[in-house]
Amino acid sequence: MNGFDRHPLVRVDTQWPNGITLDLIKSHLYWLDSKLHMLSSVDLNGPDLRIVLKSLEFLAHPLALTIFEDRVYWIDRENEAVYGANKFTGSELATLANNCNDAQDIIVYHELVQPSGKNWCEEDMESGGCEYLCLPTPQINDHSPKYTCSCPNGYNLEENSQDCQRINVITAVSEVSVPPEGTSAAWAILLLLLLVTAAVGGYLIWQNWQHKNMKSMNFDNPVYLKTTEEDLPIDIGRHSASIVQTYPAI
């Protein structure tokens, strides 16, 4: 179908819907909810919401379901089984098969499940005269079209509602230069050398400043006086006579 006239059918009592199927004869939609462990139904217009069955035992982790006549059938992954029940009341529960390892889907093949219909896209001309896609439309009223034409992405439907025209899109691409892999490594090494040089230079400047601001004071030693022949001449002969040596008595 063409997806026209979309509207939600159910907004409540749904958390983890897993399987969905149509009952074309009764015009109802059935689905399973693995989190709520429920089998529910609603008519195709939205009202008449019903909880057909709620069971943790038979709906532990349901995956798929199908309808045939007055029965609904589903598979349960956790129990690895196929179950059946009355589609109106949920009664008459029956286990149809066990040990269904990794079963993913269940389908009933019968002409009543999918009645034959008319393909309006092939009624008068191939693909309804559409250049690309011919999609059936829902028959909401007597004036609803039988089909509509659709175009792929990048095309618009023309006024004749059959042909498609390409959409011209002008894209501006800015050129971005990407430096080679070695350039980033060279810049990293250069930056490291600059940082080391700045650190060494700062240390030397600090050392120089410390040396210039250091104050020192010199004091003469009163005990020690430097004497040389130039500064203080000594008369050995004059002083030799006054030298007296004494020795202790024996």
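Read-outs throughout are calculated quantities, based only on the coordinates presented, and are distinct from any laboratory measurement. This structure is a prediction, so every number in the text was calculated from the model and none was measured. All Cβ positions, even for glycine, are placed from backbone atoms using ideal geometry, and neighbour counts span all protein chains on display.
General remarks:
- Those chymotrypsin sites (Phe, Trp or Tyr not before Pro) in segment 61-122 that DSSP places in a loop and that have at most 11 other beta carbons within 10 Å: 109
- Separation of the alpha carbons by more than 29 angstrom is noted, of 35/118; 35/87; 87/146, for 35/118; 87/146.
- Phi angles across segment 56-68 convert, under the Karplus curve 6.51 cos²θ - 1.76 cosθ + 1.60 with θ = phi - 60°, into 3J(HN,Hα) values of 6, 6, 8, 10, 5, 8, x, 10, 8, 8, 8, 10, 8 Hz, Gly and Pro given as x.
- Taking the number of Cβ atoms within 10 Å of each Cβ as an exposure proxy, the fewest-first ranking of 75, 25, 140 is 140, 25, 75.
- DSSP-assigned coil residues among trypsin sites (Lys or Arg not before Pro) in segment 1-58, each with at most 12 further Cβ atoms within 10 Å: 6, 11, 35
- Projecting the alpha carbon convex hull of segment 120-165 along each direction and taking the average yields 3.4 nm².
- Difference of contour (0.36 nm per residue) and Cα-Cα distance, residue 209 to residue 123: 20.8 nm
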